[in-house]
């Protein structure tokens with residue numbers, strides 16, 4: 001298992017390195033002559049290509065999505081208010097301007113139990129789809145290696161809206177699949193935490209902190225999935241003018257919704273398991289506390305017995321030392337009385353203490 005994990009880490013690092021080396025701003029276009037091209041560079045360099053394109057996808061990485069999103073969208077012929085309003089949303093958004101459509105989607109990145117939710121902005125019009133994101137979203141740069149092949153598979157006899165809808169579905173699917181990788185990371189950390197539940201020597205405070213982090217990670221992850229599902233629900237019936245109404249293509253959007261629902265169900269099941277783990281941890285705490293209370297109570301009983309054994313003979317000896325008690329009773333009788341009273345008082349103190357311990361706690 002260790003070697004497999006190391007291999008997966010190397011593959012992921014290599015994939016990230018490849019994505020970092022690639023230009024995050026690119027254009028993939030199906031030209032009117034039937035050829036498919038991919039070019040990298042600046043946004044303004046793509047404008048001549050768009051004039052000869054049947055349909056195209058432009059991906060742009062910006063440093064400040066809120067500050068630069070409107071500028072880039074305006075440069076590509078979109079209403080700048082769409083990007084401006086969508087970026088203000090927390091996780092997801094949907095803005096239909098009839099001839100233009102804007103979507104805001106969460107792009108989740110999970111590192112151990114740290115969930116980072118980035119924003120992915122998608123703008124659409126008749127033959128163009130634009131994706132805008134920050135530097136931490138690399139999934140579309142990786143997918144761009146296969147975008148040319150994906151464009152070639154789109155039938156040329158379809159309407160422009162159908163073509164651009166198929167491109168949107170492929171982008172949404174890629175974003176969802178990368179989001180789904182997050183649950184695997186959280187699950188792996190959950191397995192590590194579960195091993196410590198059966199170790200009585202593991203620091204409980206540290207374990208409780210780890211369980212809290214896992215709970216917070218699951219909640220953040222679920223929020224992102226629910227936000228994505230909301231956006232997909234807006235699309236699945238094809239109500240927007242810019243989205244296809246072809247039933248076959250809409251079925252693919254429905255499949256995205258089904259995948260999201262399944263992942264949400266898996267995450268909720270993990271939440272249930274986590275809640276069970278918290279109950280187990282609480283039971284461990286309660287048992288340890290009860291054992292400590294029992295030990296302290298037993299110590300108190302024995303201290304009471306010892307105190308009684310010392311106090312009773314000392315008190316009697318003090319009383320007999322006053323006046324002529326010793327002469328009248330006799331030294332032997334005094335010794336016997338002190339010994340007998342000490343034994344009886346010790347037994348009574350022990351019996352009373354055990355009786356209190358055996359009583360049920362309310």
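The values are calculated or read from the model by the stated rules, or taken from the named source; none is laboratory data. Remember, predicted model here, so these are calculated numbers, not experimental data. All Cβ positions, glycine included, derive from the backbone under ideal geometry; neighbour counts span all protein chains shown.
Among all residues of the stretch 70-88, there is at least one that is over 31 Å from the mean Cα position of the chain (by Cα), surrounded by 19 or more Cβ atoms within 10 Å (Cβ to Cβ) and within 18 Å of residue 23 (Cα to Cα). Residues of the stretch 71-85 that are within 14 Å of residue 103 (Cα to Cα) and part of a helix (DSSP H, G or I): 73, 80, 81, 82, 83, 84, 85. When each of 142, 213, 153, 119 is tested for being closer than 27 Å to residue 266 by Cα and modelled with pLDDT of 85 or more, the lone residue that passes is 119. Scanning the stretch 37-70 for residues that are more than 24 Å from residue 87 (Cα to Cα), in contact (Cβ under 8 Å) with a residue 24 or more places away in the chain and in a strand (DSSP E or B) turns up 37, 38, 53, 54, 55.
Taken as a whole, the stretch 30-51 holds at least one residue that is modelled with pLDDT of 90 or more and under 14 Å from residue 125 (Cβ atoms). The single condition among (1) modelled with pLDDT of 95 or more; (2) assigned to a helix (DSSP H, G or I) that residue 161 does not meet is (1).
For residue 163, the requirement of being in contact (Cβ under 8 Å) with a residue 12 or more places away in the chain and farther than 23 Å from residue 88 by Cβ is met. When we screen 243, 248 for residues that are exposed (fewer than 12 other Cβ atoms within 10 Å of the Cβ) and at pLDDT 90 or above, the only hit is 248.
Name the residues in the stretch 79-99 that are touching a strand residue (DSSP E or B) at 6+ places or on another chain (Cβ under 7 Å) and either at pLDDT 95 or above or within 13 Å of residue 121 (Cα to Cα) (or both), would you? Selection gives 82, 83, 85, 86, 87, 89, 91, 92, 93, 94, 95.
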